[in-house]
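Report on one structure; see the data block that follows.
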Ligand code: F6P
């Protein structure tokens, strides 16, 4: 018989993403609804180790559903990777009478939660919060949709200057080792080519494709490059290669960087965060542990944390084909 859960801790860890605040709000308010105490833990696992706890009630999370970043702050904790660090974290949780943890973050966050659960049999529930969408067991991670909209907005603006000057722009987007942001924003932003780690286009084919589009009458072009792409060594070397191997294009590079992680969450991310928070808390109260909540076929589902990080979040091949056809 699992221990009755009377107090839940919530933390955000790893790279922040829009919607994390909405998820914190949902966790806190679902706890209040079920008359369970809730404690916010600052700076992710690092704050857990250093004892940065803050009791939270329904009113502590007012006016945050629309805010980017995370009010609980975030960190990538090296100390939590050590047994000594995790022991301190466990002792702090026991001292605070916390019975379970909701961890909001990406694969690093979940890896930490799994190890901690194995060592101390401590109930944990994950909420996938990362703009990269690289987690198995959910079609959307928190922040992915907002990041897509931010990137598309940036591409639209770059397109204005690209077409005014007849330029070729290479735009680098985030996504660590996966191409979800690149593929979706490339299609939505009308890119000529989209370079993602999952598909090796090759430099020659890239130049061939750009030449073909020039000949077909295009005077400017946009190429979206996922930061994890392997085609060129980096986006600036890619520009140099195209400069050397193509006539007539004025080439520019734009690296969008961390602006992709900021900003007010989209409606989709706010609703998703609210649903995920409810599911996470209620699953813990039902005695479930070591799962991640996710959106599958429009329904909230649980996936074992281990599977969430080890399973592959696959690129949609149909999108690849659509992008090929659209760049005709
Ligand atoms: O995982 C989110 C992410 O923004 C990735 O897209 C990117 O590769 C990485 O984090 C950047 O991390 P940092 O903010 O630590 O430089």
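The values are calculated or read from the model by the stated rules, or taken from the named source; none is laboratory data. From a predicted model like this one, the values you see are computed outputs, not experimental measurements. Heads up, the Cβs are rebuilt from the backbone with ideal geometry, glycines too, and the neighbour counts pull from every protein chain shown.
For this structure, a couple of remarks:
- With respect to (1) under 25 Å from residue 113 (Cβ atoms); (2) within 16 Å of the ligand (Cβ to nearest atom); (3) at pLDDT 95 or above, the lone exception for residue 289 is condition (2).
- Odd one out for residue 313, checked against (1) under 16 Å from the mean Cα position of the chain (by Cα); (2) within 16 Å of the ligand (Cβ to nearest atom); (3) modelled with pLDDT of 90 or more; (4) buried (at least 17 other Cβ atoms within 10 Å of the Cβ): (3)
- Evaluation of residue 172 against the conditions (1) more than 16 Å from the ligand (Cβ to nearest atom); (2) outside any helix (DSSP H, G or I); (3) touching a residue at least 60 places away in the same chain (Cβ under 8 Å); (4) buried (at least 22 other Cβ atoms within 10 Å of the Cβ) shows that the sole unmet condition is (1).
- Given (1) out of contact with any strand residue (DSSP E or B) (no Cβ under 6 Å at 6 or more places or on another chain); (2) in contact (Cβ under 8 Å) with a residue 12 or more places away in the chain; (3) at negative phi, number of the condition residue 166 does not satisfy: (3)
- Any hit, the range 78-86, residues being within 16 Å of the ligand (Cβ to nearest atom), touching a helix residue (DSSP H, G or I) at 6+ places or on another chain (Cβ under 6 Å) and part of a helix (DSSP H, G or I): yes
- When residue 109 is tested against (1) within 16 Å of the ligand (Cβ to nearest atom); (2) under 23 Å from residue 275 (Cα atoms); (3) touching a residue at least 60 places away in the same chain (Cβ under 8 Å); (4) outside any helix (DSSP H, G or I), only condition (4) is not met.
- For residue 218, the criteria (1) modelled with pLDDT under 95; (2) in contact with a strand residue (DSSP E or B) (Cβ under 8 Å, 6 or more places away or on another chain); (3) surrounded by 15 or more Cβ atoms within 10 Å (Cβ to Cβ) hold in every case but one, which is (2).
- Residues in the range 207-226 that are under 28 Å from the mean Cα position of the chain (by Cα) and closer than 18 Å to residue 251 by Cβ: 221, 222, 223, 224, 225.
- Scanning the range 227-240 for residues that are surrounded by 18 or more Cβ atoms within 10 Å (Cβ to Cβ) and either more than 31 Å from the chain's Cα centre (by Cα) or assigned to a helix (DSSP H, G or I) (or both) yields 235, 238, 239.
- Members of the range 177-199 found to be within 17 Å of residue 312 (Cβ to Cβ) and surrounded by fewer than 18 Cβ atoms within 10 Å (Cβ to Cβ), listed by number: 177, 199
Here's the yes/no breakdown for (1) more than 16 Å from the ligand (Cβ to nearest atom); (2) not in a helix (DSSP H, G or I):
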site	(1), (2)
139	yes, yes
149	no, no
156	yes, no
160	yes, no
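- Listed conditions (1) more than 22 Å from residue 152 (Cβ to Cβ); (2) under 31 Å from the mean Cα position of the chain (by Cα) are all met by residue 249, apart from (2).
- The residues in the range 1-15 that are out of contact with any helix residue (DSSP H, G or I) (no Cβ under 6 Å at 6 or more places or on another chain) and at pLDDT 95 or above can be counted, and the count is 4.
- Restricting the range 255-271 to residues that are within 16 Å of the ligand (Cβ to nearest atom) and outside any loop (DSSP other than H, G, I, E, B) leaves a set whose member that is surrounded by the most Cβ atoms within 10 Å (Cβ to Cβ) is 269.
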